[in-house]
Structure formats: structure tokens, C-alpha cells
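Colleague: First the structure, then my questions, so here it is.
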Amino acid sequence: MCRIGSIKSRTPLHPSMALRLMLSQQEGHDNSGFAMVMQDLAGVFAPYKDKPLLSLACTDRGKQIVSDYMDKKGFVQVFQWMPEVDLRPGLRIAAMPAYLFRNYDYPENMRNAGREARDELLLDTRLALRKLLEREESGFIYSFWPDVLTLKEIGYPEDIALYFGLWEDDGRLMAKNIVTQARQNTNYAIVRYAAHPFFLQGYTLCANGENTFYTKNMEFQKSLHRGYIGFESDSQNFLYTLHYVLHELKWPIRYYKHVITPLPFVETEKRADKKELSLIRESLAHLEINGPNTIIGLLPGGQMITCCDSKKLRPVVVGGDGEMVAITSEVCGLNTILPARDASKDIYPHEREMVVIDNDLAVRRWNQ
Amino acid sequence: MESVRTQDVSFNDLPWKIAHYPERCTMCGSCVAACTFNAIEPAMTRRSLTVSRKVFPEPVQEHLTRPVILQKSGVENACVGCGMCEKICPNAAIAPVRNPDSRFPLLARIKGPVKRGGRTNLNAQRTLDSIIVGRISQMTDPSLDSERHTFDIRSPFGRVLQSRELPLRVEGDNLVLADKTPPVRWIYPAVFSDMSVGALSTRAWEAVALATAYLNEKYGMPVRMCSGEGGMPIKLLVSEQLRYVILQIASGHFGWNRIIKALPKMKTDPAGVLIKIGQGAKPGDGGLLPAAKVAPHIQAIRGVPKADLLSPPNHQGLYSIEESVQKMHLSLNAAFGFRVPVAIKCAASSTSVSVYNNLLRDPYKICGGFFMDGIQGGTGAANEISLDHTGHPIVSKLRDCYLAAVAQGLQGQIPLWAGGGIGMTGNAAADAFKMLCLGANGVIMAKMLIQLLGCVGNERGRCNSCSTGKCPTGICTQDPRLIKRLDVDRGAENIVNYMLAFDSELRKLLAPVGNSSLPVGRSDALVSTDRAVADKLGIQYAC
């Protein structure tokens, strides 16, 4: 089982905060990897917030493939940051030769395009790069989106942190929102794309537990959208459903919960909106989840959400101190990074609840 | 000495031989009275017996006449093995015994094709028995507690729209329905399949209807029953309980006159309408109700004289799937104000996927379910050649249809209901669960219901005399004396008890895979011990 967590802060945070949140939950993961998505960046990326940021781990050949493709498509590189890696011997990490974080300006013909067109271009570009890199086994592309950075690696989280210098609060790598996971690898081969959080067009998600409806989710999602690919992890299903409900169907966020964990029929019958809820359940029956899961999501606008399965078989806790709110699997994580908070105000969302944290850190709780 | 007439039929040519034990027999006559096939008779035999008539033993051998029960030897009086004689005998003095050297299949055809009821006797293979629920939740995803957790056991019946087509409008944080949508009912995932009043005795039909109503009203299980082709009693058509009944229309249109006339008086809508194109037991053979079973009340319900009632093998005037959708589906939808789902039932066939694909692409979005019936489905009457040699196994066909929908992203749009042999070995819940995992939304079952009422027919040639009007259990006959053999309340109680067990057993299968709602299409929950089955169905092979 994995441990997951996220932090939303009024002021930008360094990744060391995310590491501290996760390392205290060591008993729940097996050192098979660490990953994070940072959104609303500060530090070196601050001047380029509107320029799509490519997060990439690759070989030299991969670097060349990406550069060639981006040149051909008219993307103009405006900034590049490469972490200075610590090559001391003995670090337990399966590192790639290079890690690239590049901001690009849009191709000239897209600079005045509408947002939707740009969103589609960024997705198509990421999918094309993924395909090229996969074909030559020369790297992994995690995200290509403005103001979003993704880092994933296989190994011991504390060694991954040492390798990338994540413990050093030097002000270069900072963000107001961080979603992170320390992995416990169970069902699947250790592949980088299987590591949470997953990202698609501004939506970030990580989850723990088993998605017992993986097969039916996956079979349905494959034909819903060209971006729903990979399925290296059964938790990608949750991201794709989040994206489908909010980005494609443009439904309000509360309906995500109705789609993944529909109310029992006897409860729906008593509701004023039973017709709407029934229709949603009928049409999206194959997006229901029915296993033990907790989900943490980060939306394009910066809202952070969490909810769990309909039997609350995977718990999660939300706590904050006014400056920062964190969501995580175990309360010891909160105790580590938020020791002075009023723990009596911690929220343990129940099986019918969805918690939304707004950008002003206001915490909203909705019952399904 | 008399020479043997080898071409005479004797009872060792027949499928069943009567074993009679005169030493236990009191000659009460019950067995003869109980035998509806006139297969046995009392007779006198001359025997060489050793007797002693004195107060002290003085054995003497004498030739004496003794009354016995004898089997008749004609083909028309052949014992069918129903065992009613054995059931009624107080002294266990008589029983039918299967005759492995029967010449019956040859002898019976002298009078034309053999007709019978029941299921196929040849294709009794059980694909479902080589499939195991093998993906058991352990540790990372806990199994549920079948006694304590709540389970959401419901399936859709009706045309489901794709999410992008839903007429939902965003108002603030809410979605609001802005237009009409096709009717969809969430019902129990097992439908009592179509057996008509006519094929069944009125009392047997009533027992199934009674069980349906009881399950709904007492236990809140929304089980639906299909009327079968042949209409319904007016009393039920104009009752509140009509909402538990799916009305069937088939190629003979029997009973529809009554249904249409009752429309203005209906207090509630029926659960649905099922258009029967064909059935798995006798695909392409049409319906058959022999004149022997067309009693006065059946004539009244169906509006016909006493005659063989043959439903044509196809719907007259129907040219194509598209036309079926336009003519039949639209008109039946319109008849009930577009409030009642209209589904279609076909025999499983090599062509089922094409039919299903066509329905999925129907621009009217009006077909509310695709019911498929496999070769192991039962019937009240059919030519044996159809029963045994035509049809299609249901399991792979159901899977093919589901995967065809998956390939187009249309799974769930037209719910798949499958049947034909569900519960054949007595455990319908296991069969149903496996079919659900392979992509069915629900199952249909019929034969096992009449077996619960007391039918003794089976796939090894026992009884299966539903076509004769002589059903010894009073289930498939219209003979008033025979009908009285069936205790309606006890029969209904058997069905209710079975369905309660079915529900519990379904939970017992849901719980270990960690699911509280139906795992439709969750093929990863299954493994097969048969490599060919695993490959065909796309599930894991295990050994």
C-alpha cells in the first residue's frame, strides 16, 4: 500500500516539506519510489508561469529526440533547469542519465489561440513525445503544462531526496501546492509511469489502495479520450475520471464523487435529485470504483480535493494551521509538518464526503 | 412354441423400464392412477409359487394367478421416468429404471419428428463450471463481510444514454435534468424468464407471479417476471402488481388483444415490454402450443379456438433490424407513452454480435435491452431435433457481445441480459455472478423455476413431456385434474426461498472480490481451469 499526501500553502514551500510529510509514514511504504507534482511555482520558474513546463527524465538520445521534435513543432525554449545531482556512491536510486525541466513558448501560430486549443496542443505534444521516447526506450515525459513540475524516481525516498538535493531549502524549487506519494509497489512491475501522482491537462491525482474495478474502468476509459492511455497503475483510472467529469463533461466537482461512488439505490430514491443521480449512474456505471481507495486531487485552478471509497476502507486526514493545509494517509505525517496545529480540528473525511480546499485555504466539506 | 416377433415393441425397447416388486405391493392402485402417461396397468399373471396352507409347514408348488403392475409396451405409452409411481407408492414397490439399451429414438420417429419439452439433451457442457471466482481480495484490498456490509444488487433495464448525450444543465453547483430521457428501471439482476399461461398451467404461472410479488413486497427485491407470449389474466393486467411484469410480444401476438384492451384500465405501467424474436431452445422454430393444452381458459386469454397454436419462426413483415427498431420498438414505446422500456430477446447465434452492434447504433436509442438465450434454455414444446441440434452456447456469445460494445465504448448502453442454462446444476447465483463478470447486466432463468415448483424433467431424458398436456406435476398442462396436483402456495414459497438463498449467495461471491455493487464486466475476477475457455473469454488460465 502506498502513502499519499499533499500540501497547500499560502506561501511557496520547498519539497523538503513534502519529504518530511511522507518519511514519517515510512511503515506504510517500501522504498520503491518517490514522486511529486508541484503547482503554482516560485523560485527559478517564477518568471515563466505562463510558459508550459516540460518535466522529463531521459537519456542523451531522449534529450535529442525531444529537442528535435519541439523545434520541428515550433516550440521555443525559454528556460531550462537541470537539478545538480549528487553522485556520491551508495545512494539507492535507479537514476536516469538526465532530468530536464524546460519552459517553452508556444509555437507562433498558437500564441494568440484560445485556452482550449492550447490545452489540446500541450496534451498532443506530451502524447507524441511519450510515444517517441517509448519507441526508442530513451526516457519518460511526466507533464507538459504551465506552472506544473513533476519529478518521479525509483528508489529510497531519502536517497532520491539526497540525489536531487531536495533537502536543501535554497529557494530554487518552490511551489504553493505539492502532491506527493511514497510508493509501496504491489501488483505491478516497477515502472516510472506507474508512480503517482498522475497528471493530465491541469489535473493531478494520487491515490492509494486497490482499484478493484480497474478492468471495467480501463476498458471504458480507453475509448473516452485520447489522453486516457498507459494504465500502468490502477490509480490512473481515478485521474481520468476526474478529468472526464470536470474537463470533458464540465460538471460541478461534487459529481465526481457521485460518479465514482454512487449512492446506494435506497438512498438515491429518497433524494430530490434522484432522476439526475440515476442518469449519471446509468451512463457512467463503468467509472464506478468499488475498492479500498483514497484520492487526493489538485485541480487546474489550485483547489485541492480528497475523498475515499464508499466503505471508507482507506482513511485520510486533513489538518492545517492557517498558513498551510495538508492531506495525508496517516496523522503522524501531519504531526511532523504541522506540530502546532489544533489537532482537534483535523478532518477525517467519511465515505460520503468530499473535502475541497480553496486557494484561500478555506476548507469546504460536502456530503454526497 | 411361439416364435419371437422381433419387430414387436417391448418395454426393453423403451427408455425407462418399470421395476415392480410384487412382494411389497398391496395392489392399492395408486401408481396406476398417478401415471399420466398410461404407462402401467394392473394385470394378472400366472406363476409357479411355493405355498404352505397348513398350520404347520407343508410346502407345495402350485400354479397360481397373482395380480401385478405391468408396464405397457407401446411407444405411445412409453414410461418417461417421471417417477410419480415411486413417489406415491407407500411401500416402495415400484420405480422407473433407466434403460441404457433403449431403441426409443428409432421407434418414436415412425410417427414423425419427435416433439418434447425441457432442455437440450446433447449439449449439456458447462462452461461456467470451468470458471472460478479466482481473484480473491486478500490484505491490500480487504474482502467484505457478506453478512454485515450492505450490497447494491441492481441492474439497469432500459436504454442508457452516453454521458455526453445526457440533457443535464449546470445550475450553480448542481446538475438539473433539462429534457426527457428513455425510461430505465433498476431491477434485480435475475429476471423470471418468459413462460406463457398456456405453456404453464394457470396455477404454475400464478405460483411464479405470486413469488414475484412476494419477493418485491415482502423482501424489497425488485425481481421482474416476463409474462411469456400468450397474455395475462385481466385481473393482473389491471392490478398494481402489473409493475412487476414484463409483457412479452412474440410472433404469434397471442394475448395482445387483451393487453391492448386493458391499456386504458391499467393502474400502473408494466415493468417493460420484451419483444421475442427467438428462444435458445429452438431458434428459428417458432412457438408451439399443442391443441391438447389449449383449454377453454387459454382460448379466452389468447382469443383463439382450440387448435395447435404456432407462432411463426419470424415476425411477419419484418425485414431488418433497422425496421424492427422503427416498427416494433417505436410502436410499443408509443403504446405506453415512452414510459416503459422495450427490449428484445433473441436466440444466441453466430450473428448475435452483428445484431447487437446494429441495435447499439440505432439512432432512435430506443432498444432497452438485449436478451440473449443460449442453447441450454428450456421450452414447453419443440421438435427434438431443434432442441438438441440448433442454437448457440451462451457464455462466449455474451462475452463477444460485451467486448463488441467495449470496442466502441458503448458498454452498458443497451443492457445485456443472458440466459439458457442458468441454474442448470442448481446454483444459479454462481452462474449469474460469472455471467455478470463476463459482461452481462443480469440473467434470465425459467426452467429452474418450474423445477422449483416440482418439475422432474432433466437433461438426461427424464420426463420432458411438457408438450403432451400430461405433465405429471400439474405444471405444464391444462388438464384440471392434473393442475390440482400443484400446490400454488408451496410452489411460490419454494421460489421465494430459493431467491432469498440466491441473494445471499450472490453476496457470498461479491464479498470475497471486495465489491458491494455488481462487478459487470469485471472479467479479472474470474479464472478458468480450461485453457481454451480462458483464451476464448479473455480471462486468466489457472491450474
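Colleague: Rg and Dmax in Å for segment B:154-312, alpha carbons only: what are they?
Modeller: Calculated on Cα positions, Rg and Dmax stand at 18.3, 66 Å.
Colleague: Turning to a different aspect of this structure: What ranking of A:342, A:360, B:487 emerges when the number of other C-beta atoms within 10 Å of each C-beta is taken as an exposure proxy, fewest first? Display every interim value, and only then the final one.
Modeller: On the way: A:342 11, A:360 6, B:487 15.
By the 10 Å Cβ count, ascending, the order reads A:360, A:342, B:487.
Colleague: With the radius of gyration and the Kirkwood radius both derived from the Cα set of segment A:1-88, what is their ratio Rg to Rh?
Modeller: Ratio of gyration radius to Kirkwood radius: 1.02.
Colleague: Treat chain A as a sphere of radius equal to its Kirkwood radius over Cα pairs and apply Stokes-Einstein at 20 °C in a medium of 1.002 mPa s; give the translational diffusion coefficient in µm²/s, rounded to a whole number.
Modeller: Working: Rh = 20.8 Å.
Translational D for this selection: 103 µm²/s.
Colleague: Related question: Once you order the gyration tensor axes a ≥ b ≥ c over the Cα atoms, which shape class does segment B:386-486 get: rounded for a/c under 1.5, otherwise prolate or oblate by comparing a/b with b/c? Intermediate results must be reported in sequence, preceding the final value.
Modeller: On the way: a/c = 2.86, a/b = 2.48, b/c = 1.15.
Prolate shape, in that a/c is at least 1.5 and a/b is the bigger ratio.
Colleague: Let me ask something else about it. Treating only the Cα positions of segment B:1-80 as identical point scatterers, give the base-10 log of I(q)/I(0) from the Debye formula at each q in 0.12, 0.23 Å⁻¹.
Modeller: Taken in order of the listed q values, log10 I(q)/I(0) reads -0.49, -1.13.
Colleague: In bins 10 Å wide, starting from 0, what share of all Cα pairs of chain B does each bin hold, as a percent?
Modeller: 3, 17, 26, 24, 15, 8, 4, 2, 1, 0, 0
Colleague: Would you list B:417, A:366, B:16 from fewest to most Cβ contacts within 10 Å?
Modeller: A:366, B:16, B:417
Colleague: Expressed as a fraction of 2.2 N^0.38 Å, the rule-of-thumb size for a compact globular protein of N residues, what is the C-alpha radius of gyration of segment B:298-381?
Modeller: 1.28
Colleague: Shielding of A:256-262 by partners, i.e. mean partner chain Cβ atoms within 10 Å per residue?
Modeller: Numbers: counts 0, 0, 1, 1, 0, 2, 2.
Average neighbour count from other chains, rounded to a whole number: 1.
Colleague: Still on this structure, I have one more. Could you please state, rounded to a whole Å, how far the C-alpha centre of segment B:4-49 is from the C-alpha centre of segment B:375-429?
Modeller: That distance is 42 Å.
Colleague: Also: DSSP loop trypsin sites (Lys or Arg not before Pro) in segment A:35-84 with at most 15 other Cβ atoms within 10 Å of their Cβ, which ones?
Modeller: Answer by residue number: A:49.
Colleague: For segment B:412-428, just list the computed ³J(HN,Hα) in residue order, Karplus coefficients 6.51, -1.76 and 1.60, θ = phi - 60°, integers in Hz, with x standing in for Gly and Pro.
Modeller: So the J values, rounded to whole Hz, are x, 5, 10, x, 9, 10, 10, x, x, x, 5, x, 4, 9, x, 10, 6.
Colleague: Between residue B:21 and residue B:2, 0.36 nm times their residue separation minus their Cα-Cα distance comes to what?
Modeller: Numbers: separation 19, 0.36 × 19 = 6.84 nm, distance 2.76 nm.
Fully extending the segment from residue B:21 to residue B:2 adds 4.1 nm.
Colleague: Among A:52, A:339, A:89, which one shows the highest mean-square fluctuation when chain A is modelled as a Gaussian network with alpha-carbon springs under 10 Å?
Modeller: For chain A, modelled as a Gaussian network with Cα springs under 10 Å, the answer is A:89.
Colleague: Would you tell me the mean number of C-beta atoms belonging to other protein chains that fall within 10 Å of each C-beta in B:161-169, as a whole number?
Modeller: The shielding value for this peptide is 5.
Colleague: On C-alpha positions alone, give me the angle between the axis of helix B:202-219 and the longest principal axis of chain B, in degrees, nearest 10.
Modeller: Once rounded, the angle reads 50 degrees.
Colleague: Counting only other chains, and only Cβ atoms inside 10 Å, what mean value do you get across the residues of A:287-293? Please list the in-between numbers first.
Modeller: Values: counts 1, 6, 1, 12, 8, 5, 1.
Rounded to a whole number, the mean comes out at 5.
Colleague: With only alpha-carbon pairs counted, each pair once and no self-pairs, how large is the Kirkwood hydrodynamic radius of segment A:75-230 in angstroms? Could you put the intermediate results ahead of the total?
Modeller: On the way: mean 1/r = 0.0564 Å⁻¹.
It is 17.7 Å.
Colleague: Which ordering of B:354, A:9, A:55 is given by a fewest-first count of other beta-carbon atoms within 10 Å?
Modeller: Lowest to highest Cβ neighbour count: B:354, A:9, A:55.
Colleague: Also: I'd like the trypsin sites (Lys or Arg not before Pro) in segment B:1-43 restricted to DSSP loop residues with at most 14 other Cβ atoms within 10 Å, sorted by number. Walk me through the numbers on the way to the answer.
Modeller: Values: sites: B:5, B:17, B:24; in loops: B:5, B:24.
Within segment B:1-43, the qualifying trypsin sites (Lys or Arg not before Pro) (loop, at most 14 other Cβ atoms within 10 Å) are B:5, B:24.
Colleague: D for segment B:447-522, whole µm²/s, Stokes-Einstein with Kirkwood Rh over alpha-carbon pairs at 20 °C and 1.002 mPa s: what number?
Modeller: Diffusion coefficient, whole number: 147 µm²/s.
Colleague: A further question follows. For chain B, what is the calculated [θ] at 222 nm in deg cm²/dmol (nearest 500), taking -39500 (n - 2.57) for each run of four or more DSSP H residues and dividing by its residue count?
Modeller: Rounded to the nearest 500, it is -7000 deg cm²/dmol.
Colleague: I want to verify the translational diffusion coefficient of segment B:101-140 in µm²/s; compute it with Stokes-Einstein, Rh as the Kirkwood radius over Cα pairs, at 20 °C and 1.002 mPa s.
Modeller: Stokes-Einstein gives a translational diffusion coefficient of 145 µm²/s.
Colleague: Quick one, what does Rg over Rh come out to for segment A:17-146 if you take C-alpha atoms and the Kirkwood Rh?
Modeller: Expressed as Rg/Rh, it is 1.00.
Colleague: Same structure, new question: Rounded to whole Å and sorted largest first, list the principal axis extents of the Cα atoms in the protein assembly as shown.
Modeller: 122, 69, 53
Colleague: Please give the contour-minus-distance gain from residue B:497 to residue B:65: 0.36 nm per residue of separation, less the Cα-Cα distance, rounded to one decimal in nm.
Modeller: 150.5 nm
Colleague: Further, regarding this structure: Identify which of A:151, A:287, A:249 has the largest mean-square fluctuation in a Gaussian network model of chain A, with springs joining Cα atoms closer than 10 Å.
Modeller: A:249
Colleague: Something else now. Can you give the Kirkwood hydrodynamic radius for segment A:193-298, in Å, rounded to one decimal and based on Cα pairs?
Modeller: It works out to 14.0 Å.
Colleague: On to the next question. Do any trypsin sites (Lys or Arg not before Pro) in segment B:190-275 lie in a loop, going by DSSP, with at most 12 other beta-carbon atoms within 10 Å of their beta carbon, and if so which?
Modeller: Of the trypsin sites (Lys or Arg not before Pro), the ones in loops of segment B:190-275 whose Cβ has at most 12 other Cβ atoms within 10 Å are B:267.
Any read-out appearing in this document is the output of simple, stated calculations on the displayed coordinates, not a laboratory observation. This is a predicted model, so every value here is computed, not measured. Backbone-built Cβ (ideal geometry, glycine too); neighbour counts: all protein chains shown.
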